[in-house]
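Structure first, commentary second.
The values are calculated or read from the model by the stated rules, or taken from the named source; none is laboratory data. Quantities reported herein were computed from a predicted structural model and do not represent experimental measurements. FYI the Cβ positions are ideal-geometry reconstructions off the backbone, even for glycines, and counts take in every protein chain you see. Keep in mind that these areas ignore ligands, DNA and RNA; they rest on the heavy atoms of the full protein, side chains included. Shrake-Rupley method; radii C 1.70, N 1.55, O 1.52, S 1.80 Å.
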Amino acid sequence: MRQTRYRFFLLPLIFALACAGAFAQANSDLTGIVTDQTGAVVPDATVTITNPATGVTKSTVSGATGLYDISGLNPATYNMKVTAKGFQGFAQNGIVVNVSSTARVDVKLTVGAETQTVTVEADALAVQADSNVVSTLISSQQISEIATENRNFAALASLGLGASSTVPDNNTPTSVAANFTISVNGLRQSHNIWLIDGGEADDRGGAGGMDIMPSQDAIAEFTVMSSNYPPDYGISSGATFSLSLKSGTQKFHGTLWEFNRNTDYDANNYFNKYNTTTPTPRQVLNYNIYGFNIGGPLFIPKVYNRNHNKTFFFWNEEWRKINQGNSPNVVNTLPASDFPTAGTDLTYTPPAFAGPGTGYNNTPYVPGIAVPYSGTAAPTGTQNSYFEPCLDPSVTDKDACQTSLLTQYGLTPGHAFPNNTIPHQLFDPNAVLWLSSGILPKPNRSDGKVISEAQTPINVRDDIVRIDHTINSKWQILGHYMHDSVSQASGGPELGWDWYSYNTVTSVLDNPSNSAALKLSGTISPNLLLEASFNYDGNIIN
């Protein structure tokens, strides 16, 4: 009767979760058939598996055909015990269950006393007989020991069967800036789907890839399902990349790390120094990625979870501080002496690059308003705030007006400035402010040019929390929350989309990303399993 009431208590939650999205679970199954030594099936055998790291047990009974199935398993190594009336007990240790996989263990029971137990060890290699999915597993050992550029695990994802990748060596470890161009079996990257603990984490609006970039140290393992995957993963026509986050165990474990890379460690490029007296500097590229994680049981001494086998947590924090400069660009600019100062006359200096045959006129001319002056070879001048009185509609003879303003300085409109000296009274104050702002850089090379390189820092904070809770041996809940706070600079205005000569004006892109998943899994009967999940994910580009 208590079990019946318990099921009715769960029913509203089941329907709510199922409506939110019962699909594509990342967790795995363990299945098999229980028989006796003659091959006859054994129904009603009790099958119990235990995760030694957590002490959590899950159990079921074999059905009328001898079939058992335990779903909603986290990637781990399990121990199994099987008991049935009239048979010796059966035990098998070291059963490896990987993410998004179906493991099979068939059990042969021997007639005898139930107090006796036959123990066997699991095979190191097992044939995948219950699924025809073509997949590649990236294990926790590979994730921790294979070097990845910039701590971006997309390089590991490209190792999957049928995968062809154009992922660059220098792949930025942020979701928006990272390259996820992985084609599997000839399909575009936008045909792929990315899952974390069964919840979607795919940037559909950005042509594929992940909409959040979890820390590599928070990933337990992941699998690349290239083709023939089960129908509950059929939410994409390409490959399914299924990741599982790490979880806590009965004992507390933690990790602390830092990865450092600095331009000072690198030699300069040979061609930056070739045939020049002023070498082009190295492109700035500094990395500082550091963080920590801790996992273990959630308990209240002598009150809750005293045996440390019901509720577990895993918390991961990572900071990524990247300072990357644009490729140094050698461009023309004004001579330093041609940047005006308010209240000071300017003696014009021709640019060093304005030599014979360049088409430059190395003599400045007195400007006019908008009309040419007879007897001169100079082009029409430009409007200037100094001549605003002459633009008044009541002034009919604008030439005379302009001439009267300039005569006091010995200037004639359309003629060269005497001694190439421009009176400070002619400077527009806004132009003085603009030229002194640094937007137009001063030369820093002997040939009068400037090496222009903008600093484009990236700052990321990655927060990950996962909770695993065991209700009983048949029902479990898993939940995670992830948040990425990303600030990424670009070496030009409008993120560099509008083309520019100088990268002295930069812009910043903010990219907050979130991912949350809640999953309920359980066994209702030997022939009826339930997995229901709620998933939220998305990112914003500011």
Residues (in contact with a Gly (Cβ under 7 Å, 6 or more places away or on another chain), part of a strand (DSSP E or B) and open to solvent by 10 Å² or more (accessible area, probe 1.4 Å)) located in segment 78-114: 81, 83, 87, 104, 111
Could you tell me whether residue 294 is closer than 30 Å to residue 52 by Cα, open to solvent by less than 70 Å² (accessible area, probe 1.4 Å) and of a type in the set (A, V, I, L, M)? yes
Among the residues in segment 41-63, are any part of a loop (DSSP other than H, G, I, E, B), among the hydroxyl-bearing types (Ser, Thr, Tyr) and open to solvent by 40 Å² or more (accessible area, probe 1.4 Å)? no
Counting only residues that are part of a loop (DSSP other than H, G, I, E, B) and closer than 30 Å to residue 454 by Cβ, segment 276-312 contains a total of 9
List every residue pair whose Cβ atoms sit under 6 Å apart, with the two residues 6 or more apart in sequence or on different chains, where the first one lies in segment 407-426 and is under 16 Å from residue 338 (Cα atoms) and the second, anywhere, is surrounded by 13 or more Cβ atoms within 10 Å (Cβ to Cβ) and of a type in the set (Asp, Glu). 421/345; 423/345; 424/345
Can you name the condition, by its number, that residue 178 falls short on among (1) among the hydrophobic types (A, V, I, L, M, F, W, C); (2) in a strand (DSSP E or B); (3) at pLDDT below 90? (2)
So residue 321 ticks every box in (1) in a loop (DSSP other than H, G, I, E, B); (2) open to solvent by 70 Å² or more (accessible area, probe 1.4 Å) but one. Which box is left unticked? (1)
Does segment 458-466 contain any residue that is open to solvent by 60 Å² or more (accessible area, probe 1.4 Å), in contact (Cβ under 8 Å) with a residue 24 or more places away in the chain and in contact with an Asp or Glu (Cβ under 9 Å, 6 or more places away or on another chain)? yes
Total residues in segment 232-265, condition more than 24 Å from residue 291 (Cβ to Cβ), of a type outside the set (S, T, N, Q) and touching a strand residue (DSSP E or B) at 6+ places or on another chain (Cβ under 8 Å): 4
Residue within segment 480-494 that is under 22 Å from residue 150 (Cβ atoms) and of a type in the set (Asp, Glu) present: yes
